[in-house]
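S.K.: Take a look at this one; I'll ask things after.
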RNA sequence: GCGCCUGUAGCUCAGCUGGAUAGAGCAACGGACUUCUAAUCCGUAGGUCCUUGGUUCGAAUCCAAGCAGGCGUGCCA
């Protein structure tokens, strides 16, 4: 409906220009929104006030001219009013509302999808945790946000690829292998002073004993420098396997795992450095190579090759992003922990040096999670190996509750995640509120069928029987769903969906308590069954986008 | 020191990119189950949108300064 009105208004503006009522000027994009106040109509636009300064006319005069020239061909408008400083308020005919549901019925599980992406290729890179230990809760929020952003983009007509970048080339990997090796030797009875900088978690011991079972004691006598890579490879592979399993249990599946090592194997970093040098973004100080990121607004230049000749992580990361674009992605989205925010300007510098526009990269920063139990913070230390793993959380609270609760806030804001609350199956837990609405709708459908009704489609009902104000409001909300998904896709903000379905579920619960869906009046029953069915479709589609199940019974 | 983020009801947070009288959940109080699922609903109460200026028809939203909290500020990843 919103779009219809925008179209109507742009045609009207055209008419006004053609007739010479307004001097021809560039018109800013017309926006129509639903006012909070019912007396302000069903929809309103501020276009007259925007045009006031451009056309140098009184906004109320502009509004009057616009209204005079509206051609309501489809006959949807009850009345149009000018209010306040120059708002144009639209009142839609009551009979129009129910007709909007035809589209929901027709598109069914595809309702909410759009083509705004026009098939553009987008890559969403997220999680990308080092394979030096299992995923913990801190990774979980980024995992869900990345996954859902990808879902939303896919529904909006983008061609989406989900990618996990494996940092398996750095110093830390060597450290991992060493850690396992020392534990292995300890298991064989050697006295070893286990270094502080080695990984402390118990999973290291497990990996060590796995190797012991597999290979016996034959690595004990081998030279550390020679055998360490074997331990590294085994540990990284095994940990990565675990990470994949944990993610899958969390409902997150990647299209691609990209290894940093591959980048070096293909000389990706070398090639990149040459390119930057040719483009004169590099200067040398002794053995150190600096990238002049300040050319692109970074606050200081950054080292890409260290004094010892080794490229920095940053260099590899630019090469990695170059590789992404070479694989044909138009836009690349990076989901990072907010503690990496200082990294953002230099990454933008990196891609701009490659000749990409800033718009080709979008960084979504995810704030850290405050893990609580019963209101008390849970202390975590990755170094000391004391942390709550993603797997533990999913096992304890369930996939649905875990995911939903991570989507309850804007990514940018801090999130308290209280295991007791998230686990609780009560009104404190929003996920069940929404799921319950869906289950309830399914229950109504079952009862209706038991009583001999068939579940109606749009053409089986008399739309004019949906005439209550709360029914209009529900339809209005349903009608807004596709726009909501579009907005959510453009902004990369999945939380909008959780807020929306919470409102819709609330409207439904309220409606349910006030009105009977199934009654003696067969025609009315069918109309309401149809409305309720449409609500169910929205809830199901939305939950699906969030990767949360829509149960038929609870 | 510098940079980024945050500051909205007692608590946790929305606020659709500048719109009309700022919203929701929780907590508090009072009500509704012989009816299609009470994991629900209805009602009451709750505000210096951190402060001060600026931009304009109009600011929680934009700009500047300040205050408070978080994070960052490696030739670590």
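Bear in mind that the values in this text are calculations on the coordinates, not laboratory data. These numbers were taken from a predicted model, which means no experiment stands behind them. Reconstructed Cβ throughout: ideal geometry from the backbone, glycine too, with neighbour counts over all protein chains shown.
S.K.: When A:214, A:490 are ordered from fewest to most other Cβ atoms inside 10 Å of their Cβ, what list results? Don't skip to the answer; put the middle values down first.
M.R.: Working: A:214 8, A:490 13.
Least crowded to most crowded, the residues run A:214, A:490.
S.K.: Same structure, new question: Using Cα atoms only, what is the angle between the long axis of helix A:224-249 and the major principal axis of chain A, expressed in degrees (0 to 90) to the nearest 10?
M.R.: Helix A:224-249 and the main axis of chain A meet at about 20 degrees.
S.K.: Then there is this: Can you pull the one-decimal nm distance between simple spin-label points at residue A:121 and residue A:395, each 7 Å off the Cα toward Cβ?
M.R.: For the pair residue A:121/residue A:395, the computed spacing is 4.0 nm.
S.K.: Here is a further query. Could you order the peptides A:333-342, A:194-203 from most to least packed, using the average number of other C-beta atoms within 10 Å per residue?
M.R.: Values: A:333-342: 16.6, A:194-203: 14.6.
Going by the mean number of other Cβ atoms within 10 Å, highest first, we get A:333-342, A:194-203.
S.K.: How high is the FRET efficiency from residue A:94 to residue A:424, r the C-beta distance, R0 56 Å, rounded to 0.05?
M.R.: Working: r = 42 Å, r/R0 = 0.75.
After rounding, the FRET efficiency stands at 0.85.
S.K.: Rounded to the nearest 10 degrees, what's the angle between the helix A:344-353 long axis and the longest principal axis of chain A, both from Cα atoms, 0 to 90?
M.R.: On a 0 to 90 degree scale, this one is about 90.
S.K.: Ok, one more. Taking the range A:2-92 as the region of interest, what is the percent of Cα-Cα pairs per 5 angstrom bin, listed from the shortest bin to the one with the maximum distance?
M.R.: 3, 15, 28, 29, 17, 7, 1
S.K.: Once you have a ≥ b ≥ c as the square roots of the Cα gyration tensor eigenvalues for chain A, tell me rounded if a/c is under 1.5, and otherwise prolate or oblate according to whether a/b is larger than b/c.
M.R.: Values: a/c = 3.02, a/b = 1.58, b/c = 1.92.
Oblate, because a/c is 1.5 or more while a/b does not exceed b/c.
S.K.: Hey, what number do you get for chain A at 222 nm if only DSSP H runs of n ≥ 4 count, each worth -39500 (n - 2.57), divided across all residues, to the nearest 500? Working shown, then result.
M.R.: Working: 20 runs with 275 residues, N = 554.
My calculation for chain A gives -16000 deg cm²/dmol from helical runs alone.
S.K.: Work out the FRET efficiency for residue A:306 and residue A:198 from their Cβ-Cβ distance, taking R0 = 25 Å, and round it to the nearest 0.05. Before the final figure, lay out each step's value.
M.R.: On the way: r = 23 Å, r/R0 = 0.93.
That pair, residue A:306 with residue A:198, gives E of 0.60.
S.K.: Something else: Helix A:202-215 versus the longest principal axis of chain A: what angle, 0 to 90°, nearest 10, using Cα atoms?
M.R.: 60 degrees
S.K.: Which of the three applies to the range A:132-216, rounded, prolate or oblate, going by the alpha-carbon gyration tensor with a ≥ b ≥ c and a/c under 1.5 meaning rounded?
M.R.: Judged from the Cα gyration tensor, the range A:132-216 comes out prolate (a/c at least 1.5, a/b above b/c).
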